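This report refers to the structure that appears directly beneath it.
All of the numbers you see were taken from the coordinates with simple rules; none came from a lab. These numbers were taken from a predicted model, which means no experiment stands behind them. Cβ coordinates were reconstructed from backbone atoms using ideal geometry, including for glycine residues, and neighbour counts include every protein chain displayed.
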């Protein structure tokens, strides 16, 4: 029986080599694999064997929406880009990257749940999808244009309501850290899928849909939407759109300290200009599709590139704030981030590359004349625009850096490589990703949390540790009047107890530090991380927002307990298929195991789930250390909980069969990875 | 009952004396009636949605909640009665609402009196009676003369025109707008809004 709502039922397959466009039924994969990350993982399992490289024509670029996209469901503007990722290194492996904005609903309204792109076009092309049909069109005149210009050209051709996923110069030159951008800042960055698009000679994917997505129980959906809106936000004050009209209400992002419009968090020249009505600069909240909060800022001004500001763009060029401390977050900081967007480079990786280059220069490992960059002027406009130009066009040192920070460091070797480990924690063959806001191991500042270390070693990209679990920790920190970096574990643990009980089944899970205050408590690492993986897998399969879901910490109630039933309630209302929370966790577990099987097929073993030595050497602000044997024990616990082989970290045959992944078990068996 | 009242305007139940051209007269608690030079008489809307685009975040919740609520769960902005017009690079987001015009062009052209004034709910919104609509799209064309995009829209699946009816007095777009861009203006006397006061937008 087909579900009454949610999915629109068709997957578009485009073979760029032959120019053949075909359709297949989504119901080959769903509801078992849900959508988004689950759908993409299954397609990759079926179609992308380990022999295929990320830049090979046979690699698939999968744009997968979930059941909720295109409906009223809150934060349903997101979708996932999946495939074999060039950024994962040194071995390229399956990875995913989420994108917000307004592309996903447009794709659903055009009649497709997902797009699979394979092959390589003989000359530059772009894909035009509209209401149940797709065309491959010539992009000779778009090739070489920046991401904004390309979109403007496409809007001229296909109308301004068209949403476009586009690559810039970096994608065209097959940079391993190129992103795919849509509108003025939403991008699929991690994984380097921009390079995959470039390798396929595909400049852009343009979508315009006028169709509908059916919702099985529209009234229920409206009720749950209203409930979620009330949990996360309030209407704005007319005098200040960043303040809620209800006094003392906290927007429920990261435990309540953040809210509408990210630029207001960044004091400096630009914010001052925006707050001055006569300056001609302005910032207004900007939302992804159907978002109840609108956490980003839309910034414009007479001499700056307009666009949307959020974390990646906001914090990319922090060096400029050191360079000109009196200006704070200045126009240079903003323009650097926007230039990055125009070239289509993943800003997250630059947040590691720039400080790493600076470290290398300080240690005299690179010379100014060698690299051709004004290294003494790090933080200036001169430095960043030269660096980005070189990286996008692969000139000189840029050619090396376009391979991504960790690969570049490995190529330089020696001390330069050692310095890079500060920014790239995961050791082994499946690394390549920068830390995601939360510092591991308590440095340069902050606290060691065992759960975070375990998340980092197990993920197949950067563990999204800044969301989900950590939001509860941060929320507790804000509650006791401290911030994310200064909170003392002993103070936040009492606040965390009821929250952790609701989320992970036991109040004890809150105690990540032992009562003596000297040692970390690893006991709850494995069960918490298992549940964390289930939460994030599910969120990426329904495809909801990383920041809002799972809702662990409520900043506006005295006990701060969140609500973990929200996602499954939205899903039930949209599809008409009753989903219990416990059942949904089983789906999360199944897809987590499938992703692990994919990695195992690419050669990942227990050895690759590891951190570099420095993470075990340094002490955190409380004098505690990660210990290698603790991490190894937690890994064993985790594998055992998931039903994976403890020695290799590969899912076992019986586990796969129990989860309904018989074909995966057979595939692994064929390759001799399980007996 | 003045002869020049066009039956199409469907003002049954309102019996007032003849008024001077262009005059506005209130009689007791009856609705204000506006008489235009062409003799058209339509009761003024008592309720209208206003939008403050300066703080709009462009999240499109208004569009999708409208379609979800009014089109039986068919979530699509092409069915929504409020329309989000975006200029992405310029950063200009405009929710386009139906003005519930004082002299509604859509209402005047309807050949089958499907377009009516909603007196039953007390909003006096200009609504389309689905049972009567024949899907000729004349209202869509008429609105387009003054307002782009046209506020009444054509539902191709049901072959009928649809337009904003203020959700029976509780506009869902206003209720669900997360930022408070949209608000409702009410007046028992009726509101002089839309065409001919606003000629175009």
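Of note:
- In percent, rounded to a whole number, the relative contact order of the range B:61-201 is 27, using alpha-carbon pairs under 8 Å and six or more apart.
- Each eigenvalue of the Cα gyration tensor of the range A:261-427, multiplied by 5 and square-rooted, gives one semi-axis; in descending order these are 31, 17, 14 Å.
- As a proxy for reagent exposure, ranking A:51, A:511 by other Cβ atoms within 10 Å from fewest up yields A:51, A:511.
- Per-residue Cβ neighbour counts within 10 Å put A:584, A:199, A:233, A:76 in the sequence A:199, A:584, A:233, A:76, beginning with the fewest.
- When each of the peptides A:81-87, A:184-190, A:353-359 is scored by the mean number of other C-beta atoms lying within 10 Å of its residues, the order from highest to lowest reads A:81-87, A:184-190, A:353-359.
- Cβ-Cβ FRET estimate between residue B:129 and residue B:200, R0 fixed at 35 Å, reported to 0.05: 0.80
- Mean separation of Cα contacts under 8 Å, 6 or more apart, over the residue count of chain A: relative contact order %: 15
- Kirkwood analysis of the range A:10-208, using all unique Cα-Cα pairs, places the hydrodynamic radius at 16.2 Å.
- Full-stretch length increase - residue A:488, residue A:4 - with 0.36 nm per residue and alpha-carbon distance subtracted: 169.3 nm
- Full extension of the chain between residue A:501 and residue A:580 yields a length gain of 26.6 nm, computed as 0.36 nm times the residue separation minus the alpha carbon distance.
- Computed [θ] at 222 nm, deg cm²/dmol, the protein assembly as shown (DSSP H ≥ 4; -39,500 (n - 2.57); rounded to nearest 500): -9000 deg cm²/dmol
- Shape category assigned to the protein assembly as shown from the gyration tensor of Cα positions, a/c cut at 1.5: prolate
- Averaged over the residues of A:280-292, the number of partner chain Cβ atoms lying within 10 Å of the residue Cβ comes to 5.
- Mean partner shielding of peptide B:61-71, defined as the number of other chain Cβ atoms within 10 Å of each residue Cβ, is 5.
- Residue by residue along B:82-91, Cβ atoms of other protein chains within 10 Å of the local Cβ number 5 on average.
- Computed over the range A:153-197, relative contact order equals 34 percent, with contacts defined as Cα pairs under 8 Å that lie 6+ residues apart.
- Förster radius 30 Å - calculated FRET efficiency between residue A:17 and residue A:662, Cβ distance, rounded to 0.05: 0.40
- Extension gain for residue A:559-residue A:91 works out to 164.0 nm (0.36 nm per residue, less the C-alpha to C-alpha distance).
- Residues A:25, A:420, A:568, A:93 arranged by fewest to most Cβ contacts within 10 Å: A:25, A:568, A:420, A:93
- Global form of the range A:583-667, assessed from the alpha-carbon gyration tensor, a/c cut-off 1.5: prolate
- At 0.890 mPa s and 25 °C, Stokes D of the range A:115-200 from Kirkwood alpha-carbon radius, µm² per second: 187
- Rounded if a/c under 1.5, otherwise prolate or oblate - the range A:430-670, Cα gyration tensor axes: oblate
- A Förster radius of 51 Å combined with the Cβ-Cβ distance from residue A:123 to residue B:120 puts the calculated FRET efficiency at roughly 0.25.
- DSSP beta bridge pairing in the range A:10-208, given as percent antiparallel to the nearest 5: 75
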